[in-house]
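Below: the structure, in structure tokens.
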Amino acid sequence: MRIGVLGTGGMADALATHWVRAGHEVTVGGRDVDKAERLATRIGGGAKPASLRVAAEFGQVVLAALPFDAGVSVARELRVALDGKVLLDCSNPVGPGFRLLTEGGPSAARQLAAAAPGAHVVKAFNLCHEDVWRMRPPVFDGRPLAVRVCGDDGAALARVRELVRDVGCAPVAGGGLERAGSWRRPPRCSSRCGSPSQRMSRRSLLRWPMRPDRAVSMQKPARGLMADGVVVRRAAGGE
């Protein structure tokens, strides 16, 4: 599979490293091409550096590994290049003080879909810090980490499920894209929450990881759930 990566940060590094090892072709795109070149060299496996536009044009799947607000802006700028592509959103719309930036409005995934209406947006990989995705593989108590996948296009979902497995995880059906924003609290473990080695509220996913055998079917998010479809025990000391 050809994968274009938009961004040169930790999530881009962690996920793309797994994918080149699984045999996928990866092009890393950044506004700073020097940073893209350094990341492509570190990833290895024939990964190539490029501009954001070239990476978007290259990929059958395009990973938007960018901060929420930047991701929407870039998707709008590259909407023609993204037409017909799978656009994988791993962002968390969380601001200072863990404030949810999409409160009362469309989810991050919905905003990305509106910015690039011809793309098939899929939400995944957003519930853990980048250090979890660096694990080879992310396994806890002998079980692979479950990754919730939300989207509306069957072919796009199938591609992302393959990429989830290539990271060493187990995909869990999370429903359509309208379910991508069904949580209403900042996640316990995210690309913005800090390292999993930090205090207990940020280690909760490592202590009680999302596992396929703990998936449940539900219509509404419930107290004690990190996201619909996956049960995660709350850390001590509150929600």
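The values are calculated or read from the model by the stated rules, or taken from the named source; none is laboratory data. Treat the numbers as computed from the prediction; the structure is a model and nothing was measured. Ideal geometry is used to build each Cβ from the backbone, glycine not excepted, and the neighbour counts take in all protein chains shown.
Here are some notes:
- Any hit, the range 134-141, residues being of a type in the set (Asp, Glu), surrounded by fewer than 18 Cβ atoms within 10 Å (Cβ to Cβ) and closer than 23 Å to Ala173 by Cβ: yes
- Subset of the range 21-53 [crowded, with 18+ Cβ neighbours inside 10 Å and in a helix (DSSP H, G or I)]: Ala36, Leu39, Ala40, Ile43, Leu52
- Yes/no for Ala16 being assigned to a helix (DSSP H, G or I), small (Gly, Ala, Ser) and either under 21 Å from Leu157 (Cβ atoms) or modelled with pLDDT under 95 (or both): yes
- Filter result for Ala108 (surrounded by 17 or more Cβ atoms within 10 Å (Cβ to Cβ), over 15 Å from Leu15 (Cα atoms), of a type in the set (A, V, I, L, M) and at pLDDT 90 or above): no
- Filtering the range 26-35 for residues that are over 25 Å from Asn92 (Cβ atoms) and of a type in the set (Lys, Arg) leaves an empty set.
Yes or no, residue by residue, for (1) farther than 23 Å from Arg161 by Cα; (2) of a type in the set (Gly, Ala, Ser):
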position: Val26; (1), (2): no, no
position: Thr41; (1), (2): yes, no
position: Gln60; (1), (2): no, no
position: Leu63; (1), (2): no, no
position: Gly71; (1), (2): no, yes
position: Asp89; (1), (2): no, no
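- So Asp83, is it of a type outside the set (A, V, I, L, M), under 16 Å from Met11 (Cα atoms) and either surrounded by fewer than 24 Cβ atoms within 10 Å (Cβ to Cβ) or at pLDDT 95 or above (or both): no
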